[in-house]
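**Q** Okay, handing you the structure first.
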Amino acid sequence: MATVVEGAAAPGRTPLFRHGEALPARRLATPMWLRAAAYWGYQYKRTWRSSIVTSFLIPVLYLAAMGIALGSLIDKHSHGVDGVTYVAYLAPGLLAGTCMQIGTNDATYPVMGGFKWMRTYHAQLAAPLSVYDVLLGHLAWIAARLSIVVTIYLAVMAAFGVVYSPWAVLALPAAVLTGIAFAAPVSAFAATQDKDSAFSTLYRFAIIPMFLFSGTFFPISQLPSWLQLLAYVTPLYHGVALCRDLTLGLVGWADLGHAAYLCGLAAIGYAAGRRTFSRRLVV
Amino acid sequence: MVEAHGLVKRFGEFVAVDHVDFTIHKGESFGFLGPNGAGKTSTMRMISCISPLSGGTLRVLGLDPATNGPRIRARMGLVPQEDSLDTELTVLDNLMIYGRYFDLPRKVIRERAEQLMEFAQLRERAHSRVDPLSGGMKRRLTIARALISDPDLLILDEPTTGLDPQARHLLWDRLYRLKQDGVTLVITTHYMDEAEQLCDRLVVMDKGRFAAEGTPRQLIEAFSTKEVVELRFAPGQHEELAPSLADLAERQEVLPDRILLYTDDGDAALAEVARMGHVARSTLVRRSTLEDVFLRLTGRTLVD
């Protein structure tokens, strides 16, 4: 035993810093939620390359296949959709739909991992962060990641020549808002789950049907009237409509309504998340 | 540093911590001993301001955990029982990100991370992911991580469970040095040697209450004798011989494999056994340890 202790203190080793060592003064403290968001940034360091490639390739492939190839057929037979070419119609719809999927994805498995697998949230709570910081930090990170993806997406759209108006600059916050309008309530829901099986149900019965029937690929006026009504209340419909109006430059008062709907959903989701995260973490 | 009065923690009907009082002073190393389910971890979680109290009052670093949790935790290092490392990140990144939670300047985190990896003997693994590391390495990293903020109060919930003897002694040495630097340590353990090595003062917890409180020496004096004689006889003889040996000791314990005689003079008791003509297969006279105290107070039956 004695030799082990001596070995530990053997010369040539870096001594551990002394307790109470003075630190250089800091001017401003970093907000707690930003510290939590920084964690997800570290995580992203591992995956950013593949993530960027994916977020570039997916829109290129979709716009090429559906927008141009399928679109030329549609344009030939019905002179575009709502007065624009199909690819210009489709692109903002796909943008909103992609944001929905990213927002949902990032708020399901990573949130469950924060509680159960990686226990990230527990680690953050052992540091000076509070439950609300943990939640807000995660949502802030999702917003940051969405911004990266949306920026690339909009650049691809511009390259395809389907950005018709300077209003398109506002499609960036609009698309990010669409993603958060899903991420906030979904993370609140994920915090109530003990197994991940509910997530595939969520995908099958909510996310995929919404992706297909909320005006992403065709105007909801094509739907039977009862389905139109259903499509009209989905958040994705409002995200799609808002993004489309902005990239096509067809901005009207209705867009304020769409934005308000999405903001409201994000706010309700965040409020619910504060409750469910507290219930899960403060015991 | 920590002051608790009538502390209670309930989970529904179950009372995990049942009206306990304790005070932990600056620079002291304070231990919570007890079998599994005794309420140690619940008490730790309340001290670390993670778990709200069900009753009583608690002050940590002079502040109220209910309203000042983050301020308290900024000066606290926490080693939870269950590791919460990011297994996909590298060893170094785990330390870096934890330093960021405390808003330390990057340069300081970097320097400390280097020293802490040395401390935890993980320097060679700095850039490897945490996932493939051994249990002991992960534990050492968790402890190193808790030290990155240079805490005034270090809370260790079963710090050495799963460590090999070398690592345990290394850690004890480091903890001892931290204590000399004025860091207050709060430790839960069910290793008695650890408690004897590290704790200035300790409490033995059982079923949510304190069964005893004091320095290791005081507890041995109060709840055991100076020495213990261990006698092993041929199988089956124990029950038969026990009554005749009972008078030789202050207290006797008959176990399936041996008889324990608690006495202040072990050699005298052993001589007496020989004089009575009993031939033991093996005998041992030893000092009383905390383990004797612990088993006396919390019983030999398994809790869970």
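The values are calculated or read from the model by the stated rules, or taken from the named source; none is laboratory data. The shown structure was predicted, so the numbers you read here are calculated from the model rather than taken from an experiment. Ideal geometry is used to build each Cβ from the backbone, glycine not excepted, and the neighbour counts take in all protein chains shown.
**Q** Residue check: is A:Ala271 surrounded by 23 or more Cβ atoms within 10 Å (Cβ to Cβ) and assigned to a helix (DSSP H, G or I)? Walk me through how you get there before you give the answer.
**A** Working: surrounded by 23 or more Cβ atoms within 10 Å (Cβ to Cβ): no; assigned to a helix (DSSP H, G or I): yes.
Taking the combined requirement at face value, the residue does not satisfy it.
**Q** Pairs please, first residue from the range B:113-127 and aromatic (Phe, Trp, Tyr) and crowded, with 21+ Cβ neighbours inside 10 Å, second anywhere and modelled with pLDDT under 90 and not in a helix (DSSP H, G or I), Cβ atoms under 9 Å, 6+ apart in sequence or on different chains.
**A** What qualifies is B:Phe119/A:Arg13; B:Phe119/A:Thr14; B:Phe119/A:Leu16.
**Q** How many residues does the range A:25-51 contain that are loosely packed, with under 14 Cβ neighbours inside 10 Å and in a helix (DSSP H, G or I)?
**A** Selection size over the range A:25-51: 5.
Residue-wise test of (1) modelled with pLDDT under 85; (2) in the same structural domain as B:Lys9 (by TED's automatic domain parsing); (3) within 17 Å of the chain's Cα centre (by Cα).
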{"position": "B:Glu196", "(1), (2), (3)": "no, yes, yes"}
{"position": "B:His278", "(1), (2), (3)": "yes, no, no"}
{"position": "B:Thr298", "(1), (2), (3)": "yes, no, yes"}
{"position": "B:Leu302", "(1), (2), (3)": "yes, no, no"}
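**Q** Mind checking which residues of the range B:131-149 are over 19 Å from the mean Cα position of the chain (by Cα) and either touching a residue at least 60 places away in the same chain (Cβ under 8 Å) or buried (at least 22 other Cβ atoms within 10 Å of the Cβ) (or both)?
**A** Within the range B:131-149, B:Arg145, B:Ile148, B:Ser149 meet the criteria.
**Q** Then there's this: Quick test for you: out of B:Arg110, B:Arg129, pick the one residue that is within 11 Å of chain A (Cβ to nearest Cβ), basic (Lys, Arg) and over 30 Å from B:His190 (Cβ atoms).
**A** On the way: B:Arg110 fails: within 11 Å of chain A (Cβ to nearest Cβ).
After applying the criteria, what remains is B:Arg129.
**Q** Go through the range A:36-58 and give me each residue that's touching a residue at least 12 places away in the same chain (Cβ under 8 Å), aliphatic (A, V, I, L, M) and more than 8 Å from every other protein chain (Cβ to nearest Cβ).
**A** Those that are touching a residue at least 12 places away in the same chain (Cβ under 8 Å), aliphatic (A, V, I, L, M) and more than 8 Å from every other protein chain (Cβ to nearest Cβ): A:Ala37, A:Ile52, A:Ile58.
**Q** To continue, here is another question. Residues B:Leu261, B:Leu231: which one is touching a Ser or Thr at 6+ places or on another chain (Cβ under 6 Å), outside the structural domain of B:Phe30 (by TED's automatic domain parsing), surrounded by 17 or more Cβ atoms within 10 Å (Cβ to Cβ) and in a strand (DSSP E or B)?
**A** Working: B:Leu261 fails: touching a Ser or Thr at 6+ places or on another chain (Cβ under 6 Å).
The match here is B:Leu231.
**Q** Tell me which residues, restricted to the range A:105-137, are surrounded by 24 or more Cβ atoms within 10 Å (Cβ to Cβ) and more than 14 Å from every other protein chain (Cβ to nearest Cβ).
**A** Residues satisfying the conditions are A:Ala107, A:Val111, A:Leu135.
**Q** May I pose another question? Looking at A:Phe160, A:Phe189 in this structure, which one is touching a helix residue (DSSP H, G or I) at 6+ places or on another chain (Cβ under 8 Å), of a type in the set (Phe, Trp, Tyr) and at pLDDT 95 or above? Write out each step before concluding.
**A** Working: A:Phe160 fails: at pLDDT 95 or above.
Result: A:Phe189 is the single residue among A:Phe160, A:Phe189 that is touching a helix residue (DSSP H, G or I) at 6+ places or on another chain (Cβ under 8 Å), of a type in the set (Phe, Trp, Tyr) and at pLDDT 95 or above.
**Q** Now for a different question. If we only count strands (runs of 3 or more DSSP E) wholly inside the range B:20-107, which ones have 2 or more residues that are within 10 Å of chain A (Cβ to nearest Cβ) and in contact (Cβ under 8 Å) with a residue 24 or more places away in the chain? Talk me through it step by step, then tell me what you get.
**A** On the way: elements: B:29-33, B:55-60, B:76-79.
Counting at least 2 such residues, we get B:76-79.
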